[in-house]
Amino acid sequence: MVKIGYRTIKTAVGTPVAIWIAMLLELENFASAGILTILCIQITRKRSILSAWHRFSACMVAIVFSFLFFELIGYNPLAIGLMLFAFIPTTVWLKITPGIVTSSVIILHLFISEPIGWSIILNEFLLIIVGIGTALLLNLYMPSLEGKLENYQTEVEENFSTILKEIAGFLRDGNEGWAGKELTDTAALLEEAKSLSFRDVENHLLRTHNKYYHYFHMRTKQFELLERMLPLVTRLWGDNKHAQVIAKFFDELSEGIHPGNTAVIYLQKLKEMREDFREDDLPATREEFEKRASLFHLLNEIEQYLIIKRSFKKSDV
């Protein structure tokens with residue numbers, strides 16, 4: 001079944017409303033108010049306001065250019081072409097290029113309204129206000145994304161926990177039954193969650209901080225570290241003493257995956273574990289040396305993983 005989004009609903013409601021208002025005002029080309037509304041419906045409040053500004057500004061510039069070129073050169077196709085040669089670079093310079101399509105509607109209205117008088121200009125101005133204004137009012141309402149973001153957070157944390165448990169299991173007994181599905185799932189989840197959280201940022205014009213945006217950014221950096229840990233883990237299996245200790249540590253980490261601040265506790269445990277490892281005898285063979293190097297490299301990656309979480313909590317206060 002095809003799902004109807006709120007943007008579609010807004011377009012379906014706003015278009016006839018804009019046309020109806022334009023008809024009540026007895027405006028010429030009243031159907032164009034609906035076209036302007038369709039072009040201005042956006043997915044976030046910030047984009048809506050920017051879109052309204054770009055399109056209104058471009059339309060105002062288009063009215064001035066149309067009057068000058070059509071009155072000086074004539075109401076013919078050549079005048080339209082020459083005007084566009086000047087109009088489009090001007091919108092680029094003013095950084096209002098999203099309004100080019102909208103303003104083309106106004107340009108063509110003025111072209112067929114020979115000559116351009118004040119009543120025509122007022123008519124086009126009111127069309128712009130009705131069309132863009134209707135879209136802007138509809139876009140003030142944006143459905144809350146809180147529930148979806150919380151679901152993404154739960155899924156990501158569950159996958160993180162599973163990944164850490166699987167790493168612990170491999171270190172403990174060399175279990176290779178894990179297919180790694182959570183890795184690909186988490187990568188996709190994080191991309192979707194970051195995109196959705198960015199939309200949530202743009203829906204809150206006065207809010208300077210968005211906890212979900214920073215949260216998923218933090219988890220993305222942690223996930224990159226988890227992926228880097230996997231090759232190191234495979235080199236340590238079989239070294240029972242160190243593997244068992246780190247496996248237990250990963251088990252503890254898997255139980256502590258949540259938004260709360262537990263990173264400081266684990267960083268202290270990691271420090272103690274590193275000091276214990278340093279007291280071991282020096283490696284006697286090349287193989288032992290490579291394992292020891294992988295061991296401390298893994299500890300460094302775990303430390304960075306925990307530091308990222310600790311830094312996130314500081315910025316989330």
Single residue of Ser104, Ser51 found to be in contact (Cβ under 8 Å) with a residue 24 or more places away in the chain and within 27 Å of the chain's Cα centre (by Cα): Ser51
Filter result for Ser144 (open to solvent by 60 Å² or more (accessible area, probe 1.4 Å) and closer than 22 Å to Arg7 by Cβ): yes
Search result, residues across region 107-123 that are over 36 Å from the mean Cα position of the chain (by Cα) and either among the small types (Gly, Ala, Ser) or not in a loop (DSSP other than H, G, I, E, B) (or both): Leu108, His109, Leu110, Phe111, Ser113, Gly117, Trp118, Ser119, Ile120, Ile121, Leu122, Asn123
Conditions (1) outside any helix (DSSP H, G or I); (2) open to solvent by 70 Å² or more (accessible area, probe 1.4 Å); (3) under 25 Å from Val201 (Cβ atoms): number failed by Gln42: (2)
Residues (over 30 Å from Ala22 (Cα atoms), touching a residue at least 60 places away in the same chain (Cβ under 8 Å) and of a type in the set (D, E, K, R)) located in region 120-157: Glu157
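Looking only at region 124-157, which residues are of a type in the set (Phe, Trp, Tyr) and not in a helix (DSSP H, G or I)?
Matches in region 124-157: Tyr141 only.
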Residue identified as open to solvent by 50 Å² or more (accessible area, probe 1.4 Å), farther than 29 Å from Glu202 by Cβ, of a type in the set (A, V, I, L, M) and without any contact (Cβ under 8 Å) to a residue 24 or more places away in the chain among Leu82, Leu25: Leu82
Counted residues, region 102-130 - those being of a type in the set (Asp, Glu) and surrounded by fewer than 15 Cβ atoms within 10 Å (Cβ to Cβ): 1
The listed residue being among the charged types (D, E, K, R) and buried (at least 17 other Cβ atoms within 10 Å of the Cβ), out of Glu166, Glu224, Glu150: Glu166
Number of positions in region 178-225 that are modelled with pLDDT of 85 or more, closer than 13 Å to Glu146 by Cβ and among the acidic types (Asp, Glu): 0
Selection status of Glu192, buried (at least 17 other Cβ atoms within 10 Å of the Cβ) and in contact with a helix residue (DSSP H, G or I) (Cβ under 8 Å, 6 or more places away or on another chain): no
Hits in region 85-101 (condition: open to solvent by 80 Å² or more (accessible area, probe 1.4 Å) and modelled with pLDDT of 90 or more): Phe85, Val92, Trp93, Lys95
Inter-residue pairs, beta-carbon under 9 Å, first modelled with pLDDT under 80 and charged (D, E, K, R) and in region 288-305, second in a helix (DSSP H, G or I) and open to solvent by 40 Å² or more (accessible area, probe 1.4 Å), 6+ apart: Glu290/Arg235; Lys291/Arg235
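The values are calculated or read from the model by the stated rules, or taken from the named source; none is laboratory data. Since the structure is predicted, the reported quantities are computational estimates derived from the model, not experimental observations. With ideal geometry, Cβ positions are generated from the backbone for all residues, glycine too; neighbour counts draw on all protein chains shown. All accessible areas refer to the heavy atoms of the entire protein, side chains included, with ligands and DNA or RNA removed. Shrake-Rupley method; radii C 1.70, N 1.55, O 1.52, S 1.80 Å.
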